[in-house]
Amino acid sequence: MMERPRGTRDFLPAEMARRRETERAMRRTALEFGYGEVQTPTFEQTDLFVAKSGEAIVEEIYVFEDKGGRSLSLRPELTAAVMRLYSTSLTHAPKPVRVFYMGPYFRYERPQKGRYREFFQFGAELIGTPQPEGDAEIIALAVRSIEAAGMEDLEVRVGHVGALRALLGSLGVPAEMAAKAFPLIDKGDIEGLRGLLMDKVEYSSIELIEDYVSTTGDIAVVEGAIASLARFPEVTEALERLKAALEQLDAYEGIGYEVDLGIARGLDYYMGVVFEVDWQGLGAEKQVCGGGAYELGQLFGLDNVPATGFAIGLDRVDIAVSMSSQDGPVREGALVVPMDRDGEVMHLAVAAAEALRSSGIRTELEVMRRGTGKALKGADARLFRWAIIIGSDEVAKGKVAVKDLDSGEQRLVSLDELCDLGI
RNA sequence: GCCGGGGUGGGGUAGCUUGGUCAUCCUAAGGGACUGUGGAUCCCUCGACCCGGGUUCAAAUCCCGGUCCCGGCCCCA
């Protein structure tokens, strides 16, 4: 038997309905915030991703050569393509530019729960404003979108990689070593961090760094850090920016967050305020969203294009939604049951089905030529709300029999009256 | 890429340690008892040992390889 490729999934109607509902909620949220949807190719020139993330990215993505000998790759993320889109088509659009996107992405990694080789993301980018209001808006949009999908108990952590980078630089950590330190910090591996910095950095500096990256709390810890790190103006400048963004974020009702100065994010194009959203029910792959301010304009020959954005893992959101929602079965829709296959009966049945559909009622036509008993039993099991029964009697009267499967009541109505059912 | 656990009809499972009856049961699906009225009951039908080697008289069961899924690393969303 032919199996699906590793890390891919089929989505059955019930799952697809749930996923579409999530997408609909997020799309609506983004539109309400004034963001416009964009779509870019599913595959791009490999160089685009290499330019953004470095040569090592090739190990993690689906790379292939097309018949013209071009090296192409299935997109592993969308930020690079959006910046290209911006640089080619939106540089002269009114600022800021607000765009969002939704679709499939691909990574060659070991699949796990909430982690697939073909996965789906919803993301947004705010391009053109250097102000903290922008940072706050992007965080708010991310949280509002996830909440709109029905998730609760989100854990939002906000930090600033620019401040972290400046601190390491100010304490004499070489850039090369800082690059190795970032993943350790992001993971919270203090032991590993200490081992890395041991013989290159003074002990007091290591203590300072450990203390800094372990700092969590409310906005007061940012103020505290600003006060205690006054001798590093580059660091405090970045922290002032974080503080301003948080103050702005506080204006959004009900968005709780925790400051976490140890957020490093894996990718080195992040420059400013960064944030992550976790949901504990997901186990090892608990992060549902990541984002922050970045600088990618130079890849496309543009200087100083401030941008901030996020990506939400829709597969993880869907897992969370399916775990928490347990709506009871709802009767809805109609099944039209022709009693015999006489031409007039069949025609009236189709006409009834069409009338119901035109008034927005999900309507199926019984096409198995089943007996009434079986048909009604099936209609009940499949949770239809109405059965429309049509035989020669109905044809003779020019009406159809409508049975409410909830109450068991049945009455004869004309096709015109059928449309009132949906109310 | 690494470590560990798994894979039996569409879904859920018994059997596997101690190889050997037509591979168990539930459910779903199709049909019938019921030729114009549902949730019940009964009957029938359909349908599986992940793939490939090996050991053996005999493999779902033991061994090896592969593959896919799950949990944890790595990495990341």
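The values are calculated or read from the model by the stated rules, or taken from the named source; none is laboratory data. Model, not experiment: these values are computed from the prediction. With ideal geometry, Cβ positions are generated from the backbone for all residues, glycine too; neighbour counts draw on all protein chains shown. In case anyone asks, the SASA skips ligands and DNA or RNA and just uses the protein heavy atoms, side chains included. Shrake-Rupley method; radii C 1.70, N 1.55, O 1.52, S 1.80 Å.
Is the shape of region A:334-422 rounded, prolate or oblate, going by the alpha carbon gyration tensor and its root eigenvalues a ≥ b ≥ c, with a/c under 1.5 for rounded and a/b larger than b/c for prolate? Provide the component values of the computation, followed by the final result.
Numbers: a/c = 1.37, a/b = 1.04, b/c = 1.31.
Taking the square roots of the gyration eigenvalues as a ≥ b ≥ c, region A:334-422 is rounded.
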Q: Tell me what chain A gives for mean residue ellipticity at 222 nm when only DSSP H runs of n ≥ 4 count, each as -39,500 (n - 2.57), the sum divided by the residue total, rounded to 500 deg cm²/dmol.
A: -12000 deg cm²/dmol
Q. Taking the Cα centre of each part, how many Å lie between region A:45-74 and region A:161-228?
A. 33 Å
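Between A:GLU332 and A:MET368, how high is the FRET efficiency from 1/(1 + (r/R0)^6) when r is the Cβ-Cβ distance and R₀ = 25 Å? Nearest 0.05.
Working: r = 21 Å, r/R0 = 0.84.
Working from the Cβ atoms, E equals 0.75.
What's the FRET efficiency of A:ASP393 with A:ALA17 using the Cβ-Cβ distance as r and R₀ = 45 Å, to the nearest 0.05? Walk me through the intermediate numbers first.
Numbers: r = 37 Å, r/R0 = 0.82.
So, using R0 = 45 Å, E works out to roughly 0.75.
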(Q) Of A:GLY224, A:GLY192, A:GLN280, which is farthest towards the positive pole of region A:147-299's charge dipole, taken about the Cα centre with +1 and -1 on the beta-carbons of Lys, Arg and Asp, Glu respectively? (A) A:GLY192
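About its Cα centre, how strong a charge dipole does region A:65-161 have in debye, to the nearest 20, once Lys and Arg get +1 and Asp and Glu get -1 at the Cβ?
On the way: 13 positive and 13 negative charges, 100 e Å.
Rounded to the nearest 20 debye, it is 480 debye.
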Q | Accessible area expressed per residue, region A:13-324, with surrounding protein chains retained (probe 1.4 Å, Å²) | A | 45 Å²
Q: Taking chain A as the reference, fit the longest principal axis to its C-alpha atoms, fit the long axis of helix A:219-228 to the helix C-alpha atoms, and give the angle between the two in degrees, 0 to 90, nearest 10.
A: 10 degrees
**Q.** Prolate/oblate/rounded call for region A:1-136, Cα gyration tensor, a/c under 1.5 rounded
**A.** oblate
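Can you sort A:LYS52, A:LYS286, A:LYS67, A:LYS95 by 1.4 Å-probe accessible area, starting with the largest?
Numbers: A:LYS52 15, A:LYS286 65, A:LYS67 215, A:LYS95 95 Å².
Reading off the accessible areas and sorting them downward yields A:LYS67, A:LYS95, A:LYS286, A:LYS52.
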Q. How many nm is it between the label spots at A:SER87 and A:GLU37, if each spot is 7 Å from the Cα in line with the beta carbon?
A. 2.7 nm
(Q) Under a crude label model (7 Å from the Cα following the beta-carbon direction), how far is A:LYS377 from A:GLU247 in nanometres? (A) 7.2 nm
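Starting from the Cα gyration tensor of chain A, take the square roots of the eigenvalues, sort them a ≥ b ≥ c, and report rounded, prolate or oblate (rounded when a/c is under 1.5, otherwise prolate if a/b is larger than b/c, else oblate).
Details: a/c = 2.72, a/b = 2.36, b/c = 1.15.
It is prolate, given that a/c is not under 1.5 and a/b is the larger ratio.
Take the residue pairs A:LYS200/A:LYS243; A:LYS52/A:LYS187; A:LYS52/A:LYS95; A:LYS113/A:LYS243; A:LYS95/A:LYS187; A:LYS180/A:LYS200 and return only those whose Cα atoms are more than 25 Å apart. Write down the numbers at each step before the final one.
Working: A:LYS200/A:LYS243 31 Å; A:LYS52/A:LYS187 23 Å; A:LYS52/A:LYS95 23 Å; A:LYS113/A:LYS243 36 Å; A:LYS95/A:LYS187 36 Å; A:LYS180/A:LYS200 13 Å.
Checking Cα-Cα distances, A:LYS200/A:LYS243; A:LYS113/A:LYS243; A:LYS95/A:LYS187 exceed 25 Å.
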Q) So how far apart, in nm, are the two label points at A:ASP153 and A:ASP420 if each is 7 Å from Cα heading toward Cβ? A) 4.8 nm
Q) Can you list the HN-Hα couplings for region A:125-131, worked out from phi with the Karplus curve (6.51, -1.76, 1.60; θ = phi - 60°), rounded to whole Hz and with x for Gly and Pro? A) 9, 10, 10, x, 10, x, 8
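Placing unit charges on C-beta atoms (Lys and Arg positive, Asp and Glu negative, everything else neutral), compute the dipole magnitude of region A:13-324 about its Cα centre in debye, rounded to 20.
Using Cβ point charges on Lys, Arg, Asp and Glu, region A:13-324 gives about 1000 debye.
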Q. A:LYS374: which lysines have alpha carbons under 26 Å from its alpha carbon, excluding same-chain residues fewer than 8 sequence positions away?
A. A:LYS397, A:LYS399, A:LYS403
